[in-house]
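The values are calculated or read from the model by the stated rules, or taken from the named source; none is laboratory data. Since we're looking at a predicted model, the values are computed, not measured. Cβ placement follows ideal geometry from the backbone for every residue including glycine, while neighbour counts extend to all protein chains displayed. We work out accessible area using only protein heavy atoms, side chains counted, and drop any ligands, DNA or RNA first. Shrake-Rupley method; radii C 1.70, N 1.55, O 1.52, S 1.80 Å.
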Amino acid sequence: QRARSQFAQAVADLAARPQSVDTLRSAGVVCLLRPLLLDVVPSIRQTTALALGRLADYDVELAEAVVKAGILPQLIRSLPEENRYYKKTAAFVVRAIAKHSPQLAQAIVQCGALEMLVICLEDFDPGVKEGASWAFGYVARHNPELSQAVVDAGAVPLLVLCIQEPEIALKRIAASTLSDISKHSPELAQTVVDAGAIAYLAQMIPNPDAKLKRQVLAALSQIAKHSVDLAELVVEAEIFPVVLTCLKDSDEYVKKNGATLIREIAKHTPELSQLIVNSGGVAAVVDCIGSCRGTVRLPGIMTLGYVAAHSEDLSMAVIVSKGIPPLCACLIEEHEDHIKAAAAWALGQIGRHSAEHARHVAVANALPMLLDIFVDTNSSEDLKTKASRFKALKNILQKCTYLPALEPLLHEAPPSIMKHIVGQFSKVLPHDSKARRLFVTTGGLKKVQEIKAEPGSLLQEYINTINNCYPEEIVR
């Protein structure tokens, strides 16, 4: 017995050191451990399970070896009768195998491990519940089918009970697992909602523990993203204005997840966006974008774009909340292409409604910046981001009648953009004598004469309209 115990302990210790794992693998250690899982001594069974868990956790090959050796059925067969230490360790083995791939997680489902883990969720020991919650999360995160298997095993109501337990670590893991279940489809999110999760999650937003807040905000985001109905249920749990405090949190992930939750609500309908505006949400998001850098900004940038996209009034609410300057700052300060593209898109949503909206964007000097990132040869060659940038710039140009902001663009815009700029001049100049005078003195008219346009093209028509505003000798 002592020899068996020492052997299991030695392997468990070695398996915790990455440099030893390859030696253990080549010695065929998984097959050597297998008989010890059925040992009569509980501590040997437990140490053996720990060794297997550490091996399976190390890489996908060892996880596959554990499954192929037929260890899973042995591991879970006696789970209900085992002590809490063994249950925790068995849950760790399941988690270590499931994390690597959907195929391995499927092997967990097929051997009936989920039904046994549900028994662990009902255990009186919080550590056992935590281990089981974690294992369920690693199975559910891969795809909708595996997530459904977790639901079918009856885990969701028990996970909702776990988030009500006093232990912070258990609350965190249970919230994270509910998030992993909800993310795949509206139906799965609805299952979590039907179990009464939203109210308990919403109550935990003010909790001082940053890691718990991250998980709670993520879970609510994954529920709200799917449909208007689900987003409304989240809002009805009175998350506003308390969720806005998360945007000022010292933890970057709490900030990001808080902004993501607001984004997932804002995108659905004008009514939901209006509710965010009314609770001071837009101003809070603007402050958040201004106070951080990098990907933490992204959900906030998208939120402003979604709110502004819904209607003229909501776009004006973003303008009044001083949303344009931080978006322009993102175009300059950020190096990641997708963040710049998101900021460009948001500015396009703000400026596309009317001449007044476009003027606000133009006055903030956003047009030269948008043009720069549109023509920037260093930016990604991803056609989708290029198209979205072009659309953002075009949206604003088609509404912008503020000529002082447009004129500098005549000197650097590529042909694809030039048409839209010249088109705006041809709209405004015939009706505005002061603008006509300025256009000559600032050299704009001279620049228009230098543009090479195809005869009969729309651009040529615009140029002719502009030239017709002036006596021939001035044009010459």
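If the condition is being surrounded by fewer than 18 Cβ atoms within 10 Å (Cβ to Cβ) and either touching a Pro at 6+ places or on another chain (Cβ under 7 Å) or in contact (Cβ under 8 Å) with a residue 60 or more places away in the chain (or both), then the range 80-95 contributes only N83. Residue count for the range 437-446, restricted to those that are more than 20 Å from N365 (Cα to Cα), in contact (Cβ under 8 Å) with a residue 12 or more places away in the chain and either surrounded by fewer than 19 Cβ atoms within 10 Å (Cβ to Cβ) or among the aromatic types (F, W, Y) (or both): 1.
Taken over the range 327-354, the criterion of being assigned to a loop (DSSP other than H, G, I, E, B) and touching a residue at least 24 places away in the same chain (Cβ under 8 Å) is satisfied by E334, E336, R352, H353, S354. Being farther than 24 Å from K99 by Cβ and surrounded by 12 or more Cβ atoms within 10 Å (Cβ to Cβ) holds for only one residue in R4, R77, and it is R4. Which of (1) under 28 Å from D376 (Cβ atoms); (2) in contact (Cβ under 8 Å) with a residue 24 or more places away in the chain does A453 not meet, given it meets every other one? It fails just one condition, (2).
Residue pairs whose Cβ atoms lie under 6 Å apart, separated by 6 or more positions or on different chains, with the first residue in the range 8-21 and under 9 Å from R54 (Cβ atoms) and the second open to solvent by 60 Å² or more (accessible area, probe 1.4 Å) and assigned to a helix (DSSP H, G or I), are A15/R54; A16/R54; V21/Y58.
No other residue among V40, V67 is open to solvent by 20 Å² or more (accessible area, probe 1.4 Å), touching a Leu at 6+ places or on another chain (Cβ under 7 Å) and not aromatic (F, W, Y) apart from V67.
Do you know which of the residues in the range 380-402 that are touching a helix residue (DSSP H, G or I) at 6+ places or on another chain (Cβ under 8 Å) and at pLDDT below 80 is least open to solvent (accessible area, probe 1.4 Å)? Among them, the one singled out is R389.
Taken over the range 96-107, residues that are surrounded by fewer than 20 Cβ atoms within 10 Å (Cβ to Cβ) and in contact with an Asp or Glu (Cβ under 6 Å, 6 or more places away or on another chain) amount to 0. Put simply, of V40, V11 the only residue that is assigned to a loop (DSSP other than H, G, I, E, B) and of a type in the set (V, I, T) is V40. Looking at this structure, is H268 of a type outside the set (F, W, Y), surrounded by fewer than 23 Cβ atoms within 10 Å (Cβ to Cβ) and either over 30 Å from L161 (Cβ atoms) or in the same structural domain as I301 (by the TED database) (or both)? Yes.
S291 meets the conditions (1) within 15 Å of I319 (Cα to Cα); (2) open to solvent by 10 Å² or more (accessible area, probe 1.4 Å) in every case but one. The failed one is (1). Is one or more of the residues making up the range 403-420 surrounded by 12 or more Cβ atoms within 10 Å (Cβ to Cβ) and outside any helix (DSSP H, G or I)? Yes, the conditions are met somewhere in the range 403-420.
Kindly provide the set of residues from the range 65-88 that are in a helix (DSSP H, G or I) and farther than 15 Å from L33 by Cα, ordered by number. Of everything in the range 65-88, those that are in a helix (DSSP H, G or I) and farther than 15 Å from L33 by Cα turn out to be I76, R77, L79, P80, E81, R84, Y85, Y86, K87, K88.
On inspection, L32 passes the criterion of being at pLDDT 90 or above, among the hydrophobic types (A, V, I, L, M, F, W, C) and more than 43 Å from the chain's Cα centre (by Cα). Screening the candidates D229, D251 for the property of being surrounded by fewer than 23 Cβ atoms within 10 Å (Cβ to Cβ) and free of Cβ contacts under 8 Å to residues at least 40 places away in the same chain yields one hit, D229. Determine, yes or no, whether T260 is among the polar types (S, T, N, Q), assigned to a helix (DSSP H, G or I), within 16 Å of the chain's Cα centre (by Cα) and surrounded by fewer than 19 Cβ atoms within 10 Å (Cβ to Cβ). When the stated conditions are applied, T260 does not pass them. For a quick check of your reading of the model, give me the residue pairs whose first member lies in the range 193-208 and is modelled with pLDDT of 95 or more and loosely packed, with under 14 Cβ neighbours inside 10 Å, whose second is part of a loop (DSSP other than H, G, I, E, B) and of a type in the set (D, E, K, R), with beta-carbon atoms closer than 8 Å and at least 6 apart or on different chains. Close Cβ pairs satisfying both conditions: none exist.
Inspect all residues belonging to the range 365-380 and state whether any of them is outside any helix (DSSP H, G or I) and more than 30 Å from G323 (Cα to Cα). Within the range 365-380 (the criterion being outside any helix (DSSP H, G or I) and more than 30 Å from G323 (Cα to Cα)), the answer is no, since none of the residues qualifies. There is at least one residue in the range 306-314 that is polar (S, T, N, Q), surrounded by 14 or more Cβ atoms within 10 Å (Cβ to Cβ) and not in a helix (DSSP H, G or I). Number of residues in the range 15-24 that are part of a helix (DSSP H, G or I) and under 38 Å from the mean Cα position of the chain (by Cα) equals 6.
Close Cβ contacts (under 7 Å, 6 or more residues apart or on different chains) running from residues in the range 459-470 that are in a helix (DSSP H, G or I) to residues that are surrounded by 15 or more Cβ atoms within 10 Å (Cβ to Cβ) and of a type in the set (G, A, S) comprise L459/A453; Q460/A453; Y462/G423; Y462/S426; I463/A453; T465/S426; I466/S426. Take the residues in the range 111-166 that are more than 28 Å from the chain's Cα centre (by Cα) and closer than 23 Å to K68 by Cα; name whichever of them is surrounded by the most Cβ atoms within 10 Å (Cβ to Cβ). Looking at the filtered set, the residue picked out is L117.
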